[in-house]
Amino acid sequence: MKASVQFYRDVLGMEVLYAGGTAGFSSLRAKDADSAILNLEQGERVNGWGRLIFHVAEVDARSGDASWGERYFHLLDPDGHELSFARPLK
């Protein structure tokens, strides 16, 4: 939990709404009050596919252009969950 909260708070700039690194359950949200809330629960690792997508104002040149009209790149969080950072192509 500590590594995940630190990652989402310190690297991605999310706001801790509830609990934090020493708790068994934490809630975070991007600085925009209309953003979805991310809930983290300490426990057994779950296998399976899932992705959290952040729409951002700028994505750098190392990114790829997708056929669905976004420039994006992927990053793994401390637990191995895939995060996508994307902006629509104009």
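The values are calculated or read from the model by the stated rules, or taken from the named source; none is laboratory data. Because the structure is predicted, anything quoted here is derived from the model rather than measured. Cβ sites come from the backbone with ideal geometry, for glycine too, and all protein chains shown count toward neighbours. Ligands, DNA and RNA are stripped out before the accessible areas are found, and what is left, the full protein with its side chains, is counted by its heavy atoms. Shrake-Rupley method; radii C 1.70, N 1.55, O 1.52, S 1.80 Å.
Charged neighbours of H81, selected by a Cβ distance under 11 Å, balance to -1 (K, R count +1; D, E count -1). Karplus-derived 3J(HN,Hα) values for the stretch 20-35, using 6.51 cos²θ - 1.76 cosθ + 1.60 with θ = phi - 60°, are x, x, 9, 8, x, 9, 9, 10, 9, 8, 4, 4, 6, 4, 8, 6 Hz; glycine and proline are entered as x. Of the accessible area of the chain, computed with a 1.4 Å probe over protein heavy atoms only, carbon and sulfur atoms account for 51 percent. Set against the labelled values (i) 14.6, 49; (ii) 14.1, 43; (iii) 15.5, 48, Rg and Dmax of the Cα atoms in Å computed from this structure falls on (ii).
Between beta-carbons, use under 12 Å as the cut-off and find the net charge around S35, counting Lys and Arg +1, Asp and Glu -1. It works out to a net charge of -1.
Relative contact order, percent, of the chain when contacts are C-alpha pairs under 8 Å separated by at least 6 residues? Walk me through the numbers before you get to the answer.
Details: 151 pairs, mean separation 19.4, N = 90.
Answer for the chain is 22 percent.
The residues of the stretch 1-76 expose, per residue, 73 Å² of accessible area to a 1.4 Å probe. In this simple spin-label model, placing a label point 7 Å from the Cα along the Cα-to-Cβ direction at both R87 and I53 gives a separation of 1.7 nm.
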